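Chemist: Have a look at the structure that comes next, please.
The values are calculated or read from the model by the stated rules, or taken from the named source; none is laboratory data. The structure displayed is predicted, hence computed values, not measured ones. Note that we place each Cβ from the backbone using ideal geometry, even for glycine, and neighbour counts take in every protein chain shown. Side chains included, ligands, DNA and RNA excluded: accessible areas come from the protein's heavy atoms. Shrake-Rupley method; radii C 1.70, N 1.55, O 1.52, S 1.80 Å.
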Amino acid sequence: MWRVLKLCARSFMNGDKAKNTGSSSIRWLSSLAMDGVDIEKKSAAYAAVNENVEDNHVLGIGSGSTIVYAVDRLAARVKDENLKVTCIPTSFQARQLIVNAKLTLSDLERNPELDLAIDGADEVDASLCLIKGGGGCLTQEKIVAACAKKFIVIADYRKESKHLGEKWTRGIPIEVIPMAYVPVMRRIKKLFGGEPELRMAKQKAGPVVTDNGNLIVDWKFDKAGDWLKINQQLMMIPGVVETGLFIGMASKVYFGNPDGTVSVR
């Protein structure tokens, strides 16, 4: 079921937990005076952090543009409410966000079980199946999300669709071992059709290289299918490290709307 939050009231205040909420709410609302997709991303991120993060939580911090706002709100709550949280990054970018915000940084060796993971998505369908990996961080994102008791997704309303591929047309990201990218692409095309393409970098010569030293193949599929089965078949191809299909993992999704509200399902 959909639930629409009025951010100027319930989402920000979050009951009686916040300290100095009067001045903080004014500061926060004024910071939302921006245009376009930024306000939608920020609204979703702030609502998710306000409603789900608690004292002493171990948190998985996702990657991408929306997560910047989540870390911003998390840092503010840590300062205003004296929260103690520990953060596990999903990428080099996430690690830098955590460090720059002066939050406590850890890893899965020291904290293999997380209370909550927060991350973005490239597309979310009606069953909360996700396509992730547009930023190339899918493997570490999926590992961290799988270690969390609850996985929360934040996105602007444009990421919502009835079925995968309706909005996101760049294909499903698949991380592959470099030596295997050609056999993997041939196998994907033979099994499923569509067009697998090696992702090329925009500001360097050659392909995109992930934080794990691997390559990304974007599979532009012909039509939606049984994503759980397809994901399992993709993972059986030698050379495939991980896919950007997140099936049955998301507990809740926060979509930021243009009017400053947030729809949750």
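Chemist: Between a first residue in the range 38-56 that is at negative phi and a second residue that is assigned to a loop (DSSP other than H, G, I, E, B) and of a type in the set (Val, Ile, Thr), which pairs have beta carbons less than 9 Å apart while being 6 or more apart in sequence or on different chains?
Modeler: Val53/Val85; Glu54/Val85; Asp55/Val85
Chemist: Just need a number here: residues in the range 211-232 that are over 20 Å from the mean Cα position of the chain (by Cα) and surrounded by fewer than 16 Cβ atoms within 10 Å (Cβ to Cβ).
Modeler: Adding up the residues that qualify gives 9.
Chemist: Hey, another quick one. For the range 126-146, give me each residue that is among the polar types (S, T, N, Q) and either in a loop (DSSP other than H, G, I, E, B) or free of Cβ contacts under 8 Å to residues at least 60 places away in the same chain (or both).
Modeler: Ser127 - this is the single residue of the range 126-146 that is among the polar types (S, T, N, Q) and either in a loop (DSSP other than H, G, I, E, B) or free of Cβ contacts under 8 Å to residues at least 60 places away in the same chain (or both).
Chemist: From Met249, Met185, Met235, Met200, which residue is free of Cβ contacts under 8 Å to residues at least 40 places away in the same chain and open to solvent by less than 60 Å² (accessible area, probe 1.4 Å)?
Modeler: The match here is Met185.
Chemist: Of all residues in the range 203-213, count the ones that are without any contact (Cβ under 8 Å) to a residue 60 or more places away in the chain and among the charged types (D, E, K, R).
Modeler: Number of matching residues: 1.
Chemist: Related question: Restricting to the range 231-253, name every residue that is out of contact with any strand residue (DSSP E or B) (no Cβ under 7 Å at 6 or more places or on another chain) and over 22 Å from Arg265 (Cβ atoms).
Modeler: If the condition is that a residue be out of contact with any strand residue (DSSP E or B) (no Cβ under 7 Å at 6 or more places or on another chain) and over 22 Å from Arg265 (Cβ atoms), then Gln232, Gln233, Met236, Ile237, Pro238 are the ones that fit.
Chemist: Turning to a different aspect of this structure: Just a yes or no: is a residue in the range 158-171 within 28 Å of Phe221 (Cβ to Cβ), crowded, with 23+ Cβ neighbours inside 10 Å and among the β-branched types (Val, Ile, Thr)?
Modeler: Within the range 158-171, none of the residues are within 28 Å of Phe221 (Cβ to Cβ), crowded, with 23+ Cβ neighbours inside 10 Å and among the β-branched types (Val, Ile, Thr).
Chemist: Anything in the range 170-211 that is more than 17 Å from Leu234 (Cβ to Cβ) and touching a Ser or Thr at 6+ places or on another chain (Cβ under 7 Å)? List them, or say none.
Modeler: Step one: filter the range 170-211 for residues more than 17 Å from Leu234 (Cβ to Cβ), giving 178-179, 200-209, 211.
Selection gives Asp211 alone.
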